[in-house]
Amino acid sequence: MSWRQIFLVLKREYITRVKSKGFIWATILVPVGFAAVIGIMVFITVWESESTFEVAIKDETGQVAPPLIEINERRYLDYSGLEIDSLRTLVQLDRITGYIVITEENITERRNPELIYRGSGGMEFLMSVESDFRQVIREVRLRRADVSEEIQEIYEARINLDTRRLTREGEEEDDDTIFLSFVGMLLGIIIFISIFSYGGYITRGVIEEKTNRIVEVIASSVKPIELLTGKMAGVGALAITQFTIWILAFAGLTTIAGPLAMSLMETSASASGDLAAAEAELPAFLDFPTVEISLIVYFIIFFILGYLLYSSLFAAIGSAADSDTDTQQLMLPITIPIMIAYFIMFHTWRSPDSILSVVSSIIPFFSPILMITRIAITDVPFWQIGSSILLMILTFAGTMWLSSKIYKVGILSYGSTASFKDIFKWIRQ
Amino acid sequence: MTTIDVNNLSKTFGKTVAVNNVSFEVERGRIFGLLGPNGAGKTTTIRMINFIMPPDEGEILINGVKAGPKTQRWIGYMPEERGLYKKMKVGEQLIYLAQLKGLTASDAREKIRYWLKRFGAYDWHSKTVGELSKGMSQKIQFIATIVHDPDIYIFDEPFSGLDPINSELLKEIIIELREKGKTILFSTHRMEQVEQMCDDICLFNNGKVVLTGNLRKVKKDFGKNTVLIEFEGDPTFLDQLENVRINNRSTNFAEIRILEGLDHQDILRKAMENTEVHKFQLVEPSLNEIFISTVGEDNIKQQELAV
């Protein structure tokens, strides 16, 4: 193996691709898309806090309206003095969103309050009105039943599960399992997509050289194994470049997104002169828990190993095919394990420590997707991570050996796409 | 001095014996023609000389060194299936290919400039190959083959698919290279080019060498047993001749190879009885004739062996 030749191939593969329009657009559009999604979400939040729905309460009991106004003084208005006809007119003129008449029956009997409105506001509005009334009417009933405060508190209590993580070192940490589950699934999906897309680059590159017939000229200067290695390294370098740009862009965006959203919301709140909104919390989706550095390092390791494991096979398929359209069937032996890993991931995401998850995350062809998902979500024992890495390295040596045998013969076989039978022959040669 | 020394070379693909115990020598400063029908094993032999595939048996020495990555740099190779990267710019592409042959980038740039100018192609430097016409990209292909200034040039079926202008250009290049003392090996099945250009030949059939040596000597050894005849009149007398093979027949011309026994004077007599003879000449056989008779005999022998 000559490193000079490998480097020359690597450089060509890298530079021609990095300069291509497709690569530049993909590299730019992904962060732009991400920024757009955040922007839209911020916009929605800001917009939402501006809009108000006014619900007039005609309270015949005199007990329901005050607590409602206490809950949300901008929404609930005590219009008990007005006649129903006037309320109807106000709704018709869009002066108020709707009105509710509360009678004694709403409290003593099982009769639901009835909102008369123009139909605007949507589900979220209806659900919040519903929950406000549920709470207030329950309180009124409890009070009337003259139950002790203790029991009232029991009814008011809302039990949720709080969780804290205890590390092996004995420190307690905030638990972000739910957030991390999404991170784990996202990382798995990213590796899944990138194996296919960068692998696809390699397959198409090999086929291009074959259909252009340049490969024989190249082969008169470079050994097939050098050409293969150079290609894999070149596309690998491309992948690393793209991911570095994306990771930096995401890091930058998430850092500025929070403060930016806050300032936006403050200005809009002060414009409407509302103190409550000004004190609003940062919306939950912008409150990113920190991702550990070790997770990023593992992601890079599994990404690279997964890429290496599969990319040589993608090259072998390209060498056996005669045109782009002929790759479908040859692709199956690669597609099947990746797809299986992908489907298992949706199980692993929910129960990362089940036997299925543990065993399949150690199988080398599944590890790149499943192990990273598990590492993100749960505390994976090091022997499992270590053995999956070791097995992937060993399998990589195997796939590389196999692929180089196929590739060596395949690149010079013009005219027809090889069958699996042909490929077996090439391997045994 | 021997530049390419091929000894007892064999290569088998599955059950097909592509090259079977082949030996020949290519001398320095000469043009060597590798002839043979399609599927005779020429391309496989050329690929092994270029170290694109390893031989199963036998040995190839290039300037006394066993074929390998080192000897690859001494050879400029233009395969039968020609091609370039379509989306890459001409200049970048040539630099890449020259660098793979061991040139430094600056060295490569200088030589590429020279050749592009020489072929009147300097304006194409920043165009992609996809933008070029077929004839233009063929010129670029020549440059890619010769840019690193090797000692040995190997062309596999170089004239197939070339337009007449590029065909002439390539012939000029080949002759010029020989004048510079370079060694050229090319394969072809077009005999007139071999007759015009080659010093030595090697004839392949079914993976084996059936004839090799100096072209003049090969022709001489075949003897003056070919008759060129020009006549006017009824040509049907030609059909009555026995023990001959008629090549190149037209209404008033024939090239007749005398096989066995028959006296050329008999042919002349028969011709004079039936037509008016304008020209009657006894010559060495054409290479085409040598090719057909040698390959034909070899095939008959093989069939007999098979029976």
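Below is a table of values for the structure above.
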read-out: Qualifying residue in the stretch B:155-171 (condition: touching a Gly at 6+ places or on another chain (Cβ under 8 Å), at pLDDT 90 or above and not in a helix (DSSP H, G or I)); value: no
read-out: Only one of B:LYS208, B:LYS217, B:LYS279 that is under 19 Å from B:GLU195 (Cβ atoms) and of a type in the set (Lys, Arg); value: B:LYS217
read-out: Selection status of B:GLY130, surrounded by fewer than 22 Cβ atoms within 10 Å (Cβ to Cβ), within 22 Å of A:ALA219 (Cα to Cα) and not acidic (Asp, Glu); value: yes
read-out: Filter pass, A:ILE189 being within 17 Å of the chain's Cα centre (by Cα) and either open to solvent by 20 Å² or more (accessible area, probe 1.4 Å) or within 14 Å of chain B (Cβ to nearest Cβ) (or both); value: yes
read-out: Residue check, A:MET127 at pLDDT below 85 and among the aliphatic types (A, V, I, L, M); value: no
read-out: Hey, A:GLN152 surrounded by 10 or more Cβ atoms within 10 Å (Cβ to Cβ), at pLDDT 85 or above and assigned to a helix (DSSP H, G or I) or not; value: no
read-out: Residues of the stretch B:173-198 that turn out to be modelled with pLDDT of 90 or more and either open to solvent by 40 Å² or more (accessible area, probe 1.4 Å) or polar (S, T, N, Q) (or both), as a count; value: 7
read-out: Any hit, the stretch A:320-331, residues being farther than 30 Å from A:GLU292 by Cβ and under 28 Å from the mean Cα position of the chain (by Cα); value: yes
read-out: Failed item, numbered, when A:LEU412 is tested on (1) under 30 Å from A:ARG165 (Cα atoms); (2) hydrophobic (A, V, I, L, M, F, W, C); (3) touching an Asp or Glu at 6+ places or on another chain (Cβ under 8 Å); value: (1)
read-out: Scope the stretch B:89-114; condition over 22 Å from A:GLU216 (Cα atoms) and either buried (at least 21 other Cβ atoms within 10 Å of the Cβ) or under 29 Å from the mean Cα position of the chain (by Cα) (or both); matching residues; value: B:LYS111, B:TYR114
read-out: 2 or more residues within 14 Å of chain B (Cβ to nearest Cβ), open to solvent by 30 Å² or more (accessible area, probe 1.4 Å) and in contact with a helix residue (DSSP H, G or I) (Cβ under 9 Å, 6 or more places away or on another chain): qualifying helices (runs of 4 or more DSSP H) within the stretch A:324-429; value: A:382-410, A:420-428
read-out: Cβ pairs under 6 Å, 6+ apart, first in the stretch A:1-28 and more than 10 Å from chain B (Cβ to nearest Cβ), second part of a helix (DSSP H, G or I) and of a type in the set (Asp, Glu); value: A:ILE6/A:GLU226
read-out: Matching residues, the stretch A:167-205, being among the polar types (S, T, N, Q) and either under 30 Å from A:SER323 (Cβ atoms) or at pLDDT 85 or above (or both); value: A:SER181, A:SER194, A:SER197, A:THR203
read-out: Selection count where residues are farther than 30 Å from A:ASP176 by Cβ and not β-branched (Val, Ile, Thr), scope the stretch A:147-162; value: 6
read-out: A:ILE218 within 14 Å of another protein chain (Cβ to nearest Cβ), hydrophobic (A, V, I, L, M, F, W, C) and closer than 22 Å to B:ARG82 by Cβ; value: yes
read-out: Test: A:ASP162 is assigned to a loop (DSSP other than H, G, I, E, B), more than 14 Å from every other protein chain (Cβ to nearest Cβ) and not basic (Lys, Arg); value: yes
read-out: Test: B:LYS70 is under 30 Å from A:ARG17 (Cβ atoms), open to solvent by 10 Å² or more (accessible area, probe 1.4 Å) and modelled with pLDDT under 95; value: no
read-out: Qualifying positions in the stretch B:138-160 - surrounded by 21 or more Cβ atoms within 10 Å (Cβ to Cβ) and of a type in the set (Gly, Ala, Ser); value: B:ALA144
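The values are calculated or read from the model by the stated rules, or taken from the named source; none is laboratory data. Being a predicted model, the structure only gives us computed values, none of them experimental. Glycine gets a Cβ as well: all are built from the backbone with ideal geometry, and neighbour counts include every protein chain shown. Keep in mind that these areas ignore ligands, DNA and RNA; they rest on the heavy atoms of the full protein, side chains included. Shrake-Rupley method; radii C 1.70, N 1.55, O 1.52, S 1.80 Å.
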